[in-house]
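Peer 1: Take this structure, written in structure tokens, and hold onto it; I'll ask about it next.
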Amino acid sequence: MQMTDYKPKIVAFCCNWCSYAGADLAGNNRLSYPAEVKIIRVPCSCRVNPTFILRAFQRGADGVIICGCHPGDCHYTSGNYFARRRMALLFSMLDYLGIERERTRVEWVSAAEGAKFAATMNDFVSTVAALGENRRLEDLRCKK
Amino acid sequence: MQRIGVFVCWCGSNIAATVDVEAVSQALKDEPGVVFSTNYQYMCSQAGQDLIKQAVAEHGLTGIVICSCSPRMHETTFRRAAAAAGLNPYMVEIANIREQCSWVHKDIALGTQKAIVLGRAAVAKLHLNAPLTPGETPVTKRALVIGGGIAGIQTALDIADAGFKVDIVEKKPTIGGKMSQLDKTFPTLDCAACILTPKMVEAAQNENITIYSYSEVESVGGFVGNFDVTIRKKARYVNESICTGCGLCTEKCPVKNVPNEFNLGMDSRRAVYIPFAQAVPKVATIDPDYCNMLKNGKCGVCARVCTAGAIDYKQTDELIEQKYGAIVVATGYEPIKLDKFDEFAYNSSPDVITSLEFERLTNAAGPTSGKLLRPSDGKHPHRIVFVQCVGSRCAAAAGKGKEYCSKICCMYTAKQAMLVRDKYPDTEVYVFYIDVRTPGKNFDEFYRRAAEEYGVKYVKGMVGKISPQGEVLKVQASDLIAGRQLHIDADLVVLAAAIEPDRSARPLATMLTASMDTNDFFTEAHPKLRPVESPTAGVFLSGACQGPKDIPETVAQAGAAAAKVIGLLAKDKLTSNPCVASVDELMCNGCSSCERVCPYGAISYVNKEFRMPDRTVALRRVASVNPAVCQGCGACTVACMSGAMDLRGFEAKQIIAEVDAICK
């Protein structure tokens with residue numbers, strides 16, 4: 001595989017109230033970020049089950065990012081705190097499994113932070129791209 | 001198998017310029033279940049919506065995918081269009097190919113490819129959608145206001161004026177709250193009683209308002225629109241409906257040495273008392289801790305002198321059960337206890353007082369009839385030191401006081417200092433402060449008048465120690481601007497004690513499942529956009545229970561809370577978001593994990609009968625979600641270890657289908 005052609009697959013879980021709106025704002029302001037980022041809308045970052053992330057890696061994702069409201073600003077008051085704690089546990093397990101820490105990330109992006117959303121995605125994609133393809137958890141039987 | 005229609009929007013050139021819409025609709029045509037795929041210039045237009053309607057009818061579609069702008073923009077539009085076409089409005093999925101694709105990617109090939117993937121993810125999710133119906137619950141058209149201070153009174157009056165029934169529950173024998181104890185109010189210096197007592201009377205006379213004084217909320221059940229509340233009406237040993245408030249009993253009662261809490265213990269009252277002359281309701285209350293008759297059965301003077309025959313020593317607490325559609329919390333504040341502030345000699349000298357005590361000292365109805373006299377010897381003080389931020393803005397490391405700014409102290413101290421200088425020009429007044437904060441209408445002008453016109457000596461610096469020595473109070477302080485230590489012999493020291501939420505707030509928050517911050521102030525649903533609603537549906541916040549507030553702010557928030565309540569009570573039925581948690585009872589093992597993470601208290605447990613393999617019936621504890629209370633965050637779905645909990649509209653299998661489609 002030639003590194004120049006390599007496009008990482010990135011799954012971004014965005015909470016409906018802050019980060020998804022932040023992504024929309026990035027669009028409104030035409031702030032570009034790589035097309036490899038595909039967003040899945042969830043009501044709250046606490047809806048993201050760690051199994052969703054494992055599933056993404058199993059199906060060949062190279063990086064997964066979870067975006068939620070800033071601590072203290074959660075639409076549901078405490079959801080992002082749950083997400084933060086759950087992801088801390090999951091990420092340390094992924095680390096144990098040999099998945100590089102840089103492939104996963106939790107970021108707080110508010111509805112007013114379109115620029116932060118785009119900058120975060122640019123940074124995340126280049127970080128993951130530098131790591132190359134993720135093969136450790138990928139289930140090759142899923143590949144056609 | 002679903003029959004899915006895909007509609008790709010050009011959005012004029014907003015999408016079509018960087019995404020090949022024709023290619024997208026062609027590519028999605030090959031997805032499983034897609035029986036129809038097209039693209040159109042403006043899907044949200046009437047013509048676009050007609051196109052949807054026509055396609056649903058022609059192709060027998062069971063669900064539609066719209067590739068268009070953000071669902072935050074037009075989800076409602078397309079759900080309505082689906083409903084008009086005879087589909088369930090929740091059989092619509094939107095792929096956001098404008099904000100999150102065409103507007104952020106310049107390359108047409110990349111943009112088109114991403115749009116196709118997003119469309120596939122939406123199709124994959126839609127395959128697993130189920131029709132959802134919003135629940136409907138009736139609304140009880142009655143509101144409960146907890147707390148009868150200015151916040152509670154104003155909220156109740158506003159709700160009552162809109163024609164709804166309101167009950168005020170006040171734990172003290174009278175409504176009026178802290179404001180009834182104040183003398184004058186900043187920045188206009190009108191007297192607190194003159195503007196408050198007419199409102200108290202108005203509340204008492206309003207036929208839509210019922211006041212439960214000397215009462216507390218015992219329990220709260222139910223949910224928005226249908227709260228079940230039990231109110232404990234404490235025994236006051238006086239029949240409220242008969243007592244005329246003549247006050248004869250309070251004059252004849254032989255127990256004279258009861259500390260008068262209305263005057264903060266600076267004078268005494270009888271065992272049977274009316275807190276103050278303008279009390280509402282104006283009825284006597286017997287204090288069971290001091291009354292001889294209630295303690296040892298000997299006395300009965302009040303019953304003998306009462307011409308109305310209102311005294312009833314056998315009265316017991318009464319429990320009142322009532323249904324409410326909305327609850328307003330207006331529990332207010334209290335000054336902090338100063339036990340940990342030994343350096344200010346509050347406990348060792350009677351001449352070191354708090355600002356609220358100072359209010360009573362200057363109030364015409366107070367213990368000194370409004371004359372400013374030292375509590376220790378009744379002499380007129382000639383030098384008064386005001387100390388700001390006593391317990392406010394304390395570093396967490398100090399282990400005492402509060403980290404926040406109490407907000408009202410700068411202004412009331414300016415007012416108190418100004419009034420002293422006005423009434424007693426021979427008195428020297430010092431104010432020690434960290435910062436003077438005056439961010440209100442006419443506030444800074446008011447403070448400058450105190451300093452410039454009335455000659456109040458403002459010194460930037462904190463007081464380090466106050467030591468009583470004979471008749472004087474030795475005040476050691478630093479003057480930060482002059483860079484020197486000051487030693488002042490004061491006759492009276494007034495401490496601006498920090499304010500904290502009323503102690504009744506914490507147990508109440510637990511009853512209401514309303515959240516609080518670390519300082520026990522109630523949290524609002526959104527700090528900017530929903531400042532008077534608690535995150536718990538149907539619970540609203542009024543006044544200082546939400547954070548330190550002065551009177552104008554409290555009244556404004558009280559009106560805002562009332563408007564929200566009126567908006568709720570004006571509805572006959574509440575429709576609830578159908579995207580809420582649901583339990584698979586067969587999978588649930590009743591472990592309570594979900595209940596613990598639910599910020600709304602929407603999950604309870606029920607015992608359900610299950611048929612066992614041997615045909616016997618067993619009772620099992622399973623979770624039950626109240627769809628009217630659940631807000632659909634999904635915290636419980638992840639906490640559930642057996643996978644019994646799922647979130648409608650965002651089910652695990654739906655999200656996994658999206659993940660799979662994206663990673664394909």
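Peer 1: Let me have the 222 nm mean residue ellipticity of chain B computed from DSSP H runs of 4+ only, each contributing -39500 (n - 2.57), with the sum over all residues rounded to the nearest 500.
Peer 2: -8000 deg cm²/dmol
Peer 1: Here's another thing I want to ask about it. What angle do you read, to the nearest 10 degrees and between 0 and 90, between the alpha-carbon axis of helix B:71-84 and the longest principal axis of chain B?
Peer 2: 60 degrees
Peer 1: Further question: Restricting to the protein assembly as shown, compute how many DSSP beta bridges are antiparallel as a %, nearest 5.
Peer 2: The antiparallel proportion sits near 45 percent.
Peer 1: Counting only C-alpha contacts under 8 Å and six or more residues apart, can you give the relative contact order of chain B as a whole percent?
Peer 2: For chain B, the relative contact order is 13 percent.
Peer 1: Expressed in nm to one decimal, what extension gain is obtained for the pair B:Cys191 and B:Glu218 from 0.36 nm per residue of sequence separation less their Cα-Cα distance?
Peer 2: Contour length minus Cα-Cα distance gives 6.2 nm.
Peer 1: Which order do the peptides B:463-474, B:75-86 come out in when sorted by mean C-beta neighbours inside 10 angstrom, highest first?
Peer 2: Per-residue mean Cβ counts within 10 Å order the peptides as B:75-86, B:463-474.
Peer 1: Between the range B:132-161 and the range B:71-98, how far is it from one alpha carbon centroid to the other, in angstrom?
Peer 2: Measuring centre to centre over Cα atoms gives 33 Å.
Peer 1: Remind me, relative contact order of chain A in percent, using alpha carbon pairs under 8 angstrom and six or more residues apart?
Peer 2: With pairs under 8 Å counted, the relative contact order is 37 percent.
Peer 1: Ok, one more. Label-point separation (nm) for B:Gln46 and B:Asp107, each offset 7 Å from Cα along Cα-to-Cβ?
Peer 2: Here the answer is 4.3 nm between the modelled labels.
Peer 1: Below 12 angstrom from the Cβ of A:Glu100, what's the summed charge of the other residues (Lys, Arg +1; Asp, Glu -1)?
Peer 2: +1
Peer 1: Rank these for me by crowding, A:Leu140, B:Leu319, A:Leu131, B:Leu87, going from fewest to most other beta carbons within 10 Å.
Peer 2: Starting with the residue having the fewest Cβ neighbours, the order is A:Leu140, B:Leu319, A:Leu131, B:Leu87.
Peer 1: Further question on the same structure: Amide H to amide H under 5 Å from A:Cys44: which residues, 5+ apart in sequence or cross-chain, H placed 1.01 Å off N in plane?
Peer 2: Excluding prolines and chain starts, which carry no amide H, the hits are A:Asn16.
Peer 1: Between B:Thr316 and B:Met641, what FRET efficiency follows from the Cβ-Cβ distance if R0 is 35 Å, with the result rounded to 0.05?
Peer 2: Efficiency for this residue pair is about 0.15.
Peer 1: Next up: If you add up the charges near B:Asp158, with Lys and Arg at +1 and Asp and Glu at -1, over every other residue whose beta carbon is less than 12 angstrom from its beta carbon, what do you get?
Peer 2: Taking every other residue near B:Asp158 into account, the sum is 0.
Peer 1: With the cut-off at 1.5 for a/c, could you classify the range B:333-500 from its C-alpha gyration tensor as rounded, prolate or oblate?
Peer 2: Rounded.
Peer 1: Report the normalised scattering of the range A:1-98 as log10 I(q)/I(0) at q = 0.11, 0.12 Å⁻¹, calculated by the Debye formula with identical scatterers on the alpha carbons.
Peer 2: Taking Cα atoms of the range A:1-98 as identical point scatterers yields -0.37, -0.43.
Peer 1: Once you average over the residues of A:67-78, how many Cβ atoms of partner chains fall within 10 Å of each Cβ?
Peer 2: Across the residues of A:67-78, the mean count of other-chain Cβ atoms within 10 Å is 4.
Peer 1: Compute the length gained on full extension between B:Ala57 and B:Lys608: take 0.36 nm times their separation in residues and subtract their Cα-Cα distance, giving the result in nm to one decimal.
Peer 2: Result: 194.1 nm gained on full extension.
Peer 1: Order these by the 10 Å Cβ neighbour count, fewest first: B:Thr518, B:Thr230.
Peer 2: Listing B:Thr518, B:Thr230 from fewest to most nearby Cβ atoms yields B:Thr518, B:Thr230.
Peer 1: DSSP loop GluC sites (Glu not before Pro) in the range B:529-587 with at most 12 other Cβ atoms within 10 Å of their Cβ, which ones?
Peer 2: none
Peer 1: Turning to a different aspect of this structure: Using a 10 Å cut-off on Cβ atoms, rank the peptides B:439-449, B:328-338 from the highest mean neighbour count down.
Peer 2: Top to bottom by mean Cβ count within 10 Å: B:328-338, B:439-449.
Peer 1: While we're on this one: Out of the trypsin sites (Lys or Arg not before Pro) in the range B:294-331, which ones are loop residues according to DSSP with at most 12 other C-beta atoms within 10 Å?
Peer 2: Those satisfying the criteria are B:Lys298, B:Lys314.
Peer 1: In addition: Once you have the Kirkwood Rh of chain B from its Cα pairs, apply Stokes-Einstein at 37 °C and 0.692 mPa s and quote D in µm²/s.
Peer 2: Translational diffusion coefficient: 111 µm²/s.
Peer 1: Now a separate question. Report, as an integer, the average count of C-beta atoms from other chains found within 10 Å of each Cβ along B:643-652.
Peer 2: 2
Peer 1: Describe numerically, in nm with one decimal, the distance between label points set 7 Å from Cα along Cα→Cβ at A:Arg84 and at B:Asn442.
Peer 2: Calculated label separation equals 4.4 nm.
Peer 1: If you take all C-alpha pairs in the protein assembly as shown, what percent of them are over 44 Å apart?
Peer 2: 43 percent
Peer 1: Quantify how strongly other chains surround peptide A:42-54 by giving the mean number of their Cβ atoms within 10 Å of each of its Cβ atoms.
Peer 2: Rounded to a whole number, the mean comes out at 6.
Quick note: the coordinates plus some simple rules give every number you see, no bench work behind them. Note that the structure is a prediction, hence the values are computed from the model and not measured. For neighbour counting, all protein chains shown are included, and Cβ atoms are generated from backbone atoms with ideal geometry for every residue, glycine included.
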